[in-house]
1. Identify all lysines with a Cα-Cα distance to LYS168 below 17 Å; exclude those on the same chain that are fewer than 8 residues away in sequence.
2. Under a straight-distance cross-link criterion of Cα-Cα below 19 Å, which lysines are reachable from LYS92, leaving out those fewer than 8 residues away in the same chain?
3. With +1 assigned to the C-beta of every Lys and Arg and -1 to the C-beta of every Asp and Glu, and no other charges, what is the dipole magnitude of the range 3-67 about the Cα centre in debye, to the nearest 20?
4. Give me the Debye-computed log₁₀ of I(q)/I(0) at q = 0.14, 0.17 Å⁻¹ for the chain, equal point scatterers on Cα only, no solvent, two decimals.
5. What ranking, highest mean first, results for peptides 243-249, 184-190 when packing means the other Cβ atoms within 10 Å averaged over each residue?
6. For the range 225-264, just run the numbers: alpha carbon Rg, then divide by 2.2 N^0.38 Å, N being how many residues it has.
7. Quick check: Cα centre of the range 5-34 to Cα centre of the range 164-239, how many Å?
8. Quickly rank 88-95, 113-120, 173-180 as a protection proxy: mean count of other C-beta atoms within 10 Å, highest first.
Amino acid sequence: MTKVIGVTFKDADKIHYFDPKNIDVKVGDKIVAQSERGLELGQVITEPKDTDQIKKNIELKYIERKANSKDLEKYEKNKNEAEEAFDICLEKIKNHGLPMKLIDSEYTLDKKKLLFYFTADGRIDFRELVKDLASVFRTRIELRQIGVRDETKMLGGIGKCGRELCCKTFLRKFEPISIKMAKDQDLSLNPEKISGLCGRLMCCLKYECKSYKRTKKNLPNIGDKVEVDEGVGRVTKLNVVKETVTVNLGNKERVEVLADDIEEKD
């Protein structure tokens, strides 16, 4: 059975699977392989595994080689030249008067392609810009329009929690996030409090949502009549994390008790 390895070409990028052929590689090794962008320097992030352990119907490619010192030097040189190309592209965009925001630029390892990533409110006719850039860099030019979440993933930053953004560090793909997830967790629906740097709902709203929903099934609803050791009253507040409820006993007396210590009344 064929053994495959998982490879990423960018931080927190999706995993691409390759057949290492007879090349001995391990987790952490740098390799050279063909990605959807072209020839790139990647890193092995999974131990070799059988093909039946990964998703079926994927097209397996071979890695070209284990990266050597020349590959690493070329990669660093390409990064520096891509930064210079970024500044030139910015100027060209301004000259063409195009309503687009340039986000990043990169060369493939063999420099057969120069990619520029940008955001824009709608479709952009950048054909003349591509011709202009191709005449300067003498290589294949590719412009890719990305969304605001992809932009934030590329640029990175610090979230409201004080940690580096999840999408930049470990989230390999974006999943749908809904306002209902915030409601299920009794969070403030103030857009400023539940939106990330990208302006969209924070990805972390999904992390504990199932746990909240599962726990709340065993808790009474706000307004339910319950009996506790101190007497009978109405539920005014739930604390899902602590699995406690606050009960109003009347005469401004309130008690917080464990959900297991209450008895619901009709």
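1. LYS168 reaches LYS10, LYS14, LYS153, LYS160, LYS206.
2. Correct list for LYS92: LYS101, LYS113, LYS131.
3. So the magnitude is around 40 debye.
4. Log-scaled intensity ratios, in q order: -1.06, -1.30.
5. 243-249, 184-190
6. 1.01
7. So the separation of the two Cα centres works out to 37 Å.
8. Ranked by mean Cβ neighbours within 10 Å, highest first: 113-120, 88-95, 173-180.
Each reported figure results from applying straightforward, stated rules to the coordinates on display, with no laboratory input. Just so we're clear, the structure is a prediction, and the values are computed from it rather than from any experiment. In this analysis, Cβ positions are derived from the backbone assuming ideal geometry, glycine residues included, and neighbour counts consider all displayed protein chains.
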